[in-house]
Amino acid sequence: MDQERINYLLQRFTDDLLSNDEEIELLLLISDDRYDFPEHLIWQIERAQAPAPVDEKWDSMLATVLSADKFVSGEPERATRKLQAWRWLVAASIVLILGYSAWFFFSNSPSSHKYQFAANGNGPDIPPGGNKAVVTLPDGKKVILGAGVRGLISEAGAIQVSRTGDGQVRITNSKYKEPASNNPVIIETPRGGTYQVILPDGSKVWLNAASSLSFPGRFDDAERLVELSGEAYFEVAKNYQNNGERRPFVVRSGSLKVKVLGTHFNINAYPEDENIRTTLLEGSVAVSRKGESYLLKPGQVAIAKAEKAVSIQAADTEEAVAWKNEAFQFSGSDVHEVMRQLSRWYNVEVRYSDDMISEHYTGYISRNVPASKALAMLREIGDLNFIMTNGVITVTNKPRNKAIKN
């Protein structure tokens, strides 16, 4: 992201031409540690949706941004402070199916935490993603979720968004107020973002990068229905109907439905992936599609492929929820699956050379390292090369050493 794009978005808002996607993009920039906005500017932007004339809200902000060279590569002060506070000595290994293996250790010195220039490429390095999301309330108001003060963050009708004393964000529904509209509440994480929220029924949800979860302003008495795109881990709270029976929690993703009463499970349902994977860690769930229903036991995964029957298999539960535990974990994953995960987390584009060989990976990489470190692990022990240039990763075959002629 360069300053020209920032200026463009601010000018579009001033002209009242921002699309919904551009509005979300602008809001998310404020919570992105890669861009060091002055504190007073953050204060203004976070309140930009308050009812006030556009000129009053944005003219001073636009002038500040256009005159300040904030978005430069190097060491933004706020991001550096945050990174230097990390006490990490990362030990990560990637093991090729062919039998190669290697361990990588990264120094705890402050210099190793500065995201400057990527090795084996041009342009600045890319830091790992972080906690950031946007909530769209039923009245259309968008609320940035990031680190912040405790207490009430925003509200619309019966819906309130607040941060608890231990820092968790909770969405509640007051039974004493009428909903602002029939529109749903939508929680969205960008590429490079993840977030945990507590739903009105007390269920906890962790959203992976590039994911969204929507649910009504007030759950029906018969069921608690949410819709998912992307990936999420759920810890469902037990809940009861007015007649005393348990009220089921239902996750819908495309044509697939997962029905639970109280349990822990993970759903991976990215549109670009060919499978929807439902992994059960605790309790029981019923997975249904096109009139067919399948009951899962803990340690099983339901794999739903397009136009094919759902298959039930033994699951690697650690791999399924590794993202929630701040790691990439692969088990025989081909390079395309590996790069899809890295692409979503580091918010980068991936390109492949036409003659690229097929390669599979099994192992672990911390999600707390910058992109260049993750790529170095893959590059070190395989036959593929990963070149990062200005936010684009190109995957090619490693050059072969030519025989030396006498």
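Quickly run through region 326-347 and pick out the residues that are outside any strand (DSSP E or B) and more than 13 Å from the chain's Cα centre (by Cα). So that I can check it myself, show each step before the final result.
The first filter runs over region 326-347 and keeps only residues outside any strand (DSSP E or B), leaving 326, 335-347.
Within region 326-347, V335, H336, E337, V338, M339 qualify.
Checked against (1) modelled with pLDDT under 95; (2) within 24 Å of S212 (Cα to Cα); (3) hydroxyl-bearing (S, T, Y), T317 passes all but a single condition, namely (1).
Taking the conditions exactly as written (assigned by TED's automatic domain parsing to the domain that holds G193 and at pLDDT below 95), does V310 satisfy them or not?
Details: assigned by TED's automatic domain parsing to the domain that holds G193: yes; at pLDDT below 95: yes.
In short, yes.
Quick one: is N275 under 19 Å from the mean Cα position of the chain (by Cα), within 18 Å of F234 (Cα to Cα), without any contact (Cβ under 8 Å) to a residue 40 or more places away in the chain and surrounded by fewer than 19 Cβ atoms within 10 Å (Cβ to Cβ)? Considered against the rule, which asks whether it is under 19 Å from the mean Cα position of the chain (by Cα), within 18 Å of F234 (Cα to Cα), without any contact (Cβ under 8 Å) to a residue 40 or more places away in the chain and surrounded by fewer than 19 Cβ atoms within 10 Å (Cβ to Cβ), N275 comes out as no.
Listed by first and then second residue, the pairs linking a residue in region 204-221 that is in contact (Cβ under 8 Å) with a residue 60 or more places away in the chain and at negative phi to a residue that is buried (at least 23 other Cβ atoms within 10 Å of the Cβ) and acidic (D, E), with Cβ atoms under 6 Å apart and 6 or more places separating them unless they lie on different chains, are N208/E231. Annotation: R367 fulfils all but one of (1) surrounded by fewer than 16 Cβ atoms within 10 Å (Cβ to Cβ); (2) of a type in the set (D, E, K, R); (3) under 23 Å from S229 (Cβ atoms); the unmet one is (1). Only one of the numbered conditions (1) among the aromatic types (F, W, Y); (2) more than 25 Å from P124 (Cα to Cα); (3) touching a Lys or Arg at 6+ places or on another chain (Cβ under 7 Å) is violated by F386, and that is (2).
For I267, are the conditions met, namely being of a type in the set (V, I, T), closer than 22 Å to A314 by Cα, assigned by TED's automatic domain parsing to the domain that holds Y294 and surrounded by 22 or more Cβ atoms within 10 Å (Cβ to Cβ)? Give the steps one after another, and end with the answer.
Details: of a type in the set (V, I, T): yes; closer than 22 Å to A314 by Cα: yes; assigned by TED's automatic domain parsing to the domain that holds Y294: yes; surrounded by 22 or more Cβ atoms within 10 Å (Cβ to Cβ): yes.
So I267 passes the test.
Is it true that G299 is within 28 Å of L342 (Cβ to Cβ), surrounded by 13 or more Cβ atoms within 10 Å (Cβ to Cβ) and over 24 Å from the mean Cα position of the chain (by Cα)? The answer is yes for G299.
Is at least one residue of region 172-180 more than 23 Å from P370 (Cα to Cα), among the acidic types (D, E) and modelled with pLDDT under 90? Working first, answer last.
The first filter runs over region 172-180 and keeps only residues more than 23 Å from P370 (Cα to Cα), leaving 172-180.
Filter once more, so that each one left must be among the acidic types (D, E): 178.
Cutting the leftovers down to modelled with pLDDT under 90 gives us 178.
Yes, region 172-180 contains a residue that is more than 23 Å from P370 (Cα to Cα), among the acidic types (D, E) and modelled with pLDDT under 90.
The values are calculated or read from the model by the stated rules, or taken from the named source; none is laboratory data. These figures come from a predicted structure and were not determined experimentally. Quick reminder, even Gly has a Cβ in these numbers, built from the backbone with ideal geometry, and neighbours come from all protein chains shown.
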